[in-house]
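K.L.:
I'd like to ask some things about the structure below.
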Amino acid sequence: FFQHSLFVSDLMVSLELSCRTMDGLQLRHRDEIDLPIAPHRQFRWRVNMRDGKSLGVVPDRLFSLAFTSAAENACLYFLEADRGTMPIIRSNLLQTSMYRKLLAYEATWNQEVHRRNFGFHRFRVITVTTSASRLESLIDACSELNSGHGLFLFCDQATLEEHGDFLTAPWRNGRGDHSNCLP
């Protein structure tokens, strides 16, 4: 748990430093976003799956980004810090896996939870993982989703550190194409 918390904190510091170098970009942390849940409570929600099951979603961190010239178009971001300890796919969706998380975020989009419950027109899920091979496995799992591939952005820790700028790093979307994480 400590290593995971440290990983999340390191990523958020990297994001903060990157935002400071980009003129007109506004980063808002969870406690600065008007959300329908008290800041001291864990941010979570549930989505219904096609098979009738309900899955819970608990992002590692959330924040929003917007250019000051287009603040009304702010994008909500959910950060997933993947240390490689959770299986990517399991045969049983009742057990935790990265694919289960991807499915829950896909359902969040399809059920418009982000609009109805959080007041944002769009969101992205940013996942930073431990290795290039794990990154490829996550993208492969994401490609199995029915929709929402563009919601997801993936990067491995070494690439992010080597590039040195969180926002302009070579992120890859759920189809494996290069993308950026700017709103």
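The values are calculated or read from the model by the stated rules, or taken from the named source; none is laboratory data. Keep in mind that what you see is a predicted model, and the values were worked out from it rather than measured. Please note: Cβ atoms are built from the backbone with ideal geometry, for glycine as well, and neighbour counts cover all protein chains shown. Heads up: the accessible areas ignore ligands, DNA and RNA and are worked out on the full protein's heavy atoms, side chains in. Shrake-Rupley method; radii C 1.70, N 1.55, O 1.52, S 1.80 Å.
K.L.:
Among residues belonging to the stretch 148-169 that are without any contact (Cβ under 8 Å) to a residue 24 or more places away in the chain and of a type outside the set (A, V, I, L, M, F, W, C), point out the one that is least open to solvent (accessible area, probe 1.4 Å).
P.N.:
So in the stretch 148-169, the residues without any contact (Cβ under 8 Å) to a residue 24 or more places away in the chain come out as 161-164, 169.
In the following step, the residues that additionally are of a type outside the set (A, V, I, L, M, F, W, C) were identified as 161-164.
Working: 161: 132, 162: 164, 163: 85, 164: 63 Å².
Of everything passing the filter in the stretch 148-169, 164 is least open to solvent (accessible area, probe 1.4 Å).
K.L.:
Would you tally the residues in the stretch 170-183 being touching a residue at least 60 places away in the same chain (Cβ under 8 Å) and either among the hydrophobic types (A, V, I, L, M, F, W, C) or exposed (fewer than 15 other Cβ atoms within 10 Å of the Cβ) (or both)?
P.N.:
2
K.L.:
Looking only at the stretch 1-22, filter to residues that are of a type outside the set (A, V, I, L, M) and touching a Phe, Trp or Tyr at 6+ places or on another chain (Cβ under 9 Å); which one of those is farthest from residue 131 (Cα to Cα)?
P.N.:
Per the stated criteria, the residue is 19.
Quick grid of which residues meet (1) within 23 Å of residue 166 (Cβ to Cβ); (2) under 12 Å from the mean Cα position of the chain (by Cα):
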position	(1), (2)
53	no, no
73	yes, no
91	no, no
102	yes, yes
114	yes, no
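K.L.:
In the stretch 105-117, what count of residues is obtained for those that are touching a Leu at 6+ places or on another chain (Cβ under 9 Å) and either more than 15 Å from residue 77 (Cα to Cα) or free of Cβ contacts under 8 Å to residues at least 24 places away in the same chain (or both)?
P.N.:
Within the stretch 105-117, residues that are touching a Leu at 6+ places or on another chain (Cβ under 9 Å) and either more than 15 Å from residue 77 (Cα to Cα) or free of Cβ contacts under 8 Å to residues at least 24 places away in the same chain (or both) number 1.
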